[in-house]
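Enquirer: Take a look at this one; I'll ask things after.
The values are calculated or read from the model by the stated rules, or taken from the named source; none is laboratory data. Keep in mind that this is a model prediction, so the values were computed, not measured. Neighbour counts are summed over all protein chains in view; Cβ atoms, including those assigned to glycine, are modelled from backbone coordinates with ideal geometry. Each accessible area value is taken on the protein alone, full model and side chains, heavy atoms only, with ligands, DNA and RNA left out. Shrake-Rupley method; radii C 1.70, N 1.55, O 1.52, S 1.80 Å.
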Amino acid sequence: MKAYRASLLYFKDRQAVFEQDGLLVVGPNAQGRQVVQAIGSFQSLHSGYPGLPIEHLPGRIIAPGFVDMHVHYPQLDVIGSPADGLLPWLENYTFPEEKRFAAPEYCAQAATFFIAELLRHGVTTALTFASSHTESVNALLGQAQQRNLRMMAGKVLMDQNAPDGLRDDTEQSLIDTEALIKQWHGVDRLGYAITPRFVPTSSAAQLRGAGELAAKYPDVWIQSHVAENLDEIAWVKQLYPEARSYLSVYAQFGLLRPRAVYAHCIHLDDEDRALLRATGTAAAVSPTSNLFLGSGFFDYAAADRAGHLYGLASDVGGGTSFSPFHTMLAAYYVGRTKVEGWQTKPAVSLSPQHLWWQHTAGAAQALGLSGVVGNLLPGCEADFVILNPKATALLARKTARAGSLDELLFALIVLGDDRVIEKTVISQALPS
Ligand code: GUN
Ligand code: ZN
């Protein structure tokens, strides 16, 4: 057991709690994994733990590790590749780069770099696309296992409309997926995600097979993309002229359910949103990617009216940054923008507390991991970040003036980046 004395940020339901002088007590659970044992004010808690070693971190804030709901590790080197929209970006930059993941050594060095980058930015859990090569999954999950991370990933399924070197074989891809589920899902802190890239690159047979695996393994994740870009949507319409909507194609193959996560969800209608809600499917909101690729604006007001699950994601390499601060700021811009015809009008004002929740406890809830990660309530795995709100000269000036929690969190969201993350702490397991 060990305790940390610092300011603390965590969540009760959607509400942020801030303890100026707090105590976080961590210790092993019945399985020997470090979890939060107690959290609250130093004053109220410390006498209950006589003799417990306390690490005092004056001026620092301890907060839950960030949760990235959608990121592509083979796209590390695709960040910042300009293109005239999603489809040319995939063809000219993304697919050529992902082909390189046929080589195990290439996968291994990218996986090592990727995980180091996540941790440097305070991201402790991620739902991650690998490439279509099984070795790319082994490299990433093997590396995550060594570092004790909670990480979910999957081999991309793409058996059509894809170049040689990336395109997989329908039957073999499903055999490989099932073998990877058996190899990795539920091992230590790892999870598997069935990963059809998107409707255009999977045959009906592959989508059907993915849906069958999703039914056979109900606690495995599903990850894909939907309704990101107008050309993409027109393509799906050609492939499935009878379908009511793009999202309904996934429904038809049994790919909407709890633990299914769809990136983007921009160009949906209310019937689609009701379907997300009814099936327990989540949207991964990826604002830096949507702004960079010119895809559009996630409609927060409509999502809240429908009441479906959602949370934030970097979507590297369409996304421009690993930093949760950059993603939260981009989400704020998007919330402020409502496009109607050629005009933009102010829409919702996302509070800094709500933005932070979307990248921690809210993202965990959308992934089916409430009470496991993304928060610091008792029982949560002890993944957390130690933040320095004075990490830069400008932040020091700005946060010194903060008169409320909203002002403090806004200062961090607007001015913060990896320099604010002084340390990322990962829950360890005692040897059994
Ligand atoms: N749609 C299909 N594949 C991709 C991808 O790799 N990135 C993004 N942003 N959208 C996609
Ligand atoms: Zn993506």
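Enquirer: Rounded to the nearest whole Å², what accessible area per residue is found for the stretch 95-239 with the 1.4 Å probe? Please report the intermediate quantities before stating the final value.
Expert: Details: 5110 Å² over 145 residues.
Per residue, the stretch 95-239 has an accessible area of 35 Å².
Enquirer: Right, something else. Have a look at Q143, Q183, Q75 and tell me which one the Gaussian network model of the chain (Cα, springs below 10 Å) gives the largest fluctuation.
Expert: Its mean-square fluctuation being the largest, the pick is Q183.
Enquirer: Give the distance, in whole Å, between the Cα centre of the stretch 62-92 and the Cα centre of the stretch 259-273.
Expert: That distance is 19 Å.
Enquirer: Please give the peptides 377-383, 13-19 ranked by average Cβ packing (other Cβ atoms within 10 Å per residue), highest first, as a rough proxy for protection. Provide the component values of the computation, followed by the final result.
Expert: Values: 377-383: 21.7, 13-19: 14.9.
The densest-packed peptide leads the list: 377-383, 13-19.
Enquirer: Okay, next question. Return a whole-number percent for the relative contact order of the chain, with Cα pairs under 8 Å and 6 or more residues apart as the contact set.
Expert: On the way: 984 pairs, mean separation 83.8, N = 432.
In percent, rounded to a whole number, it is 19.
Enquirer: For the residue pair Q172 and E407, what label-to-label distance in nm results when each label sits 7 Å from Cα along the Cα-to-beta-carbon direction?
Expert: Modelled inter-label distance: 6.2 nm.
Enquirer: Once the piece of chain linking K2 and D304 is laid out straight, how much longer is it, given 0.36 nm per residue of separation minus the C-alpha distance between them?
Expert: Fully extending the segment from K2 to D304 adds 104.8 nm.
Enquirer: Something else about it: Which whole-number percent gives the relative contact order of the stretch 256-342, counting Cα pairs below 8 Å spaced six or more residues apart?
Expert: Values: 145 pairs, mean separation 26.0, N = 87.
Once normalised by length, the contact order is 30 percent.
Enquirer: Please report, in debye to the nearest 20, how large the charge dipole of the stretch 292-403 is about its Cα centre when each Lys and Arg carries +1 at its beta carbon and each Asp and Glu carries -1 there.
Expert: Numbers: 8 positive and 6 negative charges, 121 e Å.
Its charge dipole is roughly 580 debye.
Enquirer: Now, a different point. With charges only on Cβ, +1 for K and R and -1 for D and E, what is the dipole size of the stretch 33-135 about its Cα centre, in debye, rounded to 20?
Expert: In debye, rounded to 20, the stretch 33-135 gives about 500.
Enquirer: Using a Gaussian network model of the chain with C-alpha springs under 10 Å, which one of R273, R208, R244 is most mobile by mean-square fluctuation?
Expert: It is R244.
Enquirer: Could you report the stretch 357-432's accessible area per residue, 1.4 Å probe, as an integer in Å²?
Expert: On a per-residue basis, 41 Å².
Enquirer: What residue among T392, V420, L376 has its Cα farthest toward the positive end of the dipole of the stretch 374-432, where the charges are +1 on Lys, Arg and -1 on Asp, Glu, each on the Cβ?
Expert: Comparing the listed Cα positions along the dipole, T392 ranks first.
Enquirer: Could you tell me the relative contact order of the stretch 1-48? Use alpha-carbon pairs under 8 Å, at least six residues apart, and round to a whole percent.
Expert: Values: 86 pairs, mean separation 15.3, N = 48.
Over the stretch 1-48, the number comes to 32 percent.
Enquirer: Okay, moving on. With the full set of protein chains in place, find how many percent of the accessible area of the chain is carbon and sulfur; take the probe as 1.4 Å.
Expert: 51 percent
Enquirer: Using label points projected 7 Å from each Cα along Cα→Cβ, tell me how many nm separate K12 and R419, to one decimal.
Expert: The modelled label-to-label distance comes out at 3.6 nm.
Enquirer: At q = 0.07 Å⁻¹, work out log10 I(q)/I(0) for the chain with the Debye formula, treating every Cα as an identical point scatterer and leaving solvent out; two decimals please.
Expert: Results for the chain at q = 0.07 Å⁻¹ read -0.32.
Enquirer: Do the alpha carbons of any pairs in K99/K182; K155/K182; K99/K155; K155/K423; K155/K216; K182/K216 sit beyond 21 Å of each other, and which pairs?
Expert: Pairs exceeding 21 Å: K99/K182; K155/K423.
Enquirer: Now, a different point. Nearest 20 debye, what's the magnitude of the dipole of the chain about its Cα centre given +1 on Lys and Arg Cβ and -1 on Asp and Glu Cβ?
Expert: For this selection, approximately 1360 debye.
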